[in-house]
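Below is one structure; the comments refer to it alone.
The values are calculated or read from the model by the stated rules, or taken from the named source; none is laboratory data. Worth saying up front: this structure is predicted, and the values here are computed from it rather than measured. Counting neighbours? That spans all protein chains shown, and the Cβs are built from the backbone with ideal geometry, glycine included. These accessible areas exclude ligands, DNA and RNA; they are computed on the full protein's heavy atoms, side chains included. Shrake-Rupley method; radii C 1.70, N 1.55, O 1.52, S 1.80 Å.
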Amino acid sequence: MKVLNKLLAGSCAVLSLGCSSDSLAANDSVVVLQYHHVSDSTPAVTSIDPDTFKEHLNYLKDNNFNVIDIKQAQEAIEGNGQLPEKAVVITFDDGYQNVYENAADLLEQYEMPYTVFVNPDLMAKHQGHYMGWEELKDIGARGARIANHGQTHAHLIRREPDETKEQWVERMHYDVVSAQEAIDENLGEQEKYFAYPYGEYDNELRALLDDWGFLAFAQHSGPWSQWSEETAITRFPASGIYANLDTLKTKLRSKAMPVVSYKPEEPLLDYENTQPTLEVTLTGDEALKEVRTNQLRCFSGGQVLEPEWQSDTRFTVEVTTDLPVGRSRVNCTAPSASESRYYWYSIALIRPDAQGSWPD
Ligand SMILES: [Zn+2]
């Protein structure tokens, strides 16, 4: 079935006459899963135990999901090639040794490609906790792609006391560009993919990554599609409470909401802005017809937020309780008009404390 899906997707690109717009619409999103530890003895919030991880892979295999390489996904989203049906990309942040021990063999056996975002500085300092270059070379030869998670896993957007913009840019250059150099030196030149430590970014950091030629991956949820921003690509966390397969199933079937713009554009809020109002503008083209906008709902910290439609394509949502200090997400979903699946969109927000900081 997996092969048939791929053949059908391929014929769609070649024989455009035989390719209905329905099947095109079904293929425009990739769900990117984000894992950290694969272990039953590491911090629960960033871990999935090996048995549950195997359940995830079995579910993907038994239900004809197509786990594809991140570059294949990128190319298709950029218009070069076709996404298979039910496309999924698997990623691991931090490059823990337990991924080598508890996940690599299984992924190889299931022929599922995956990407590991690593921190070269931390690898050198904590050998044994993180995979080293030899392990990375080994999994690289067995279906993994190695990418950049920064040298130090710092909260990159936090300025140090009295740090000038120039000093900060220099520090970011070290953390991002020299990490890529270390990866390329040890493994040969790799694609420039960056995963933000803690999923934290602001517009200044995004601009730097764009200048330096990176695609950058965040940690708020939603499928990756033509509607995504190249320096804020969404992923679905699949560790901790998010490892629950029942809730993950809905996400695996989700499609990207066709969002063309949103506010606030800057995720890092002012300290006083505890209840921001969000504004989201959807496309006015064909893609919107599939979205049941009258059933669109947003969610923030366990609360359901009703959207207020300002026009056919633009809604606002008011956050009605104070956001906690730190990272928050407001997720919005709407059912598909023709399939039993949801359109999904998430806005990442960070509320600092009065000193401009927040907990890990
Ligand atoms: Zn990380």
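Taking the condition of being under 23 Å from residue 289 (Cβ atoms) and open to solvent by less than 50 Å² (accessible area, probe 1.4 Å), how many residues in the range 214-233 meet it?
Keep residues of the range 214-233 that are under 23 Å from residue 289 (Cβ atoms), which gives 222-228.
After this cut, where a residue has to be open to solvent by less than 50 Å² (accessible area, probe 1.4 Å) as well, the list is 222-225, 228.
Residues in the range 214-233 being under 23 Å from residue 289 (Cβ atoms) and open to solvent by less than 50 Å² (accessible area, probe 1.4 Å): 5 in total.
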Flag for residue 54 being open to solvent by 40 Å² or more (accessible area, probe 1.4 Å), within 18 Å of the chain's Cα centre (by Cα), basic (Lys, Arg) and closer than 25 Å to residue 141 by Cβ: no
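Count, please, the residues in the range 111-131 that happen to be surrounded by fewer than 16 Cβ atoms within 10 Å (Cβ to Cβ) and over 22 Å from the mean Cα position of the chain (by Cα).
Filtering the range 111-131 for residues surrounded by fewer than 16 Cβ atoms within 10 Å (Cβ to Cβ) gives 111, 124-129.
Now restrict to residues that are over 22 Å from the mean Cα position of the chain (by Cα): 124-129.
The qualifying residues number 6.
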Condition check for residue 151: open to solvent by 50 Å² or more (accessible area, probe 1.4 Å) and polar (S, T, N, Q): no
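Can you pull out the residues in the range 34-47 that are assigned to a helix (DSSP H, G or I) and of a type in the set (Val, Ile, Thr)? Walk me through how you get there before you give the answer.
From the range 34-47, those assigned to a helix (DSSP H, G or I) are 44-46; that's our starting set.
If the condition is that a residue be assigned to a helix (DSSP H, G or I) and of a type in the set (Val, Ile, Thr), then 45, 46 are the ones that fit.
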Residues of the range 286-328 that turn out to be open to solvent by less than 60 Å² (accessible area, probe 1.4 Å), farther than 16 Å from residue 345 by Cβ and not hydrophobic (A, V, I, L, M, F, W, C), as a count: 2
Enumerated helices (runs of 4 or more DSSP H) restricted to the range 48-156, each holding at least 1 residues that are touching a residue at least 40 places away in the same chain (Cβ under 8 Å), of a type outside the set (D, E, K, R) and more than 16 Å from the ligand (Cβ to nearest atom): 50-62, 70-77, 97-102, 104-109, 133-140
Flag for residue 183 being within 16 Å of the ligand (Cβ to nearest atom), closer than 21 Å to residue 266 by Cα and either touching a residue at least 24 places away in the same chain (Cβ under 8 Å) or not assigned by TED's automatic domain parsing to the domain that holds residue 110 (or both): no
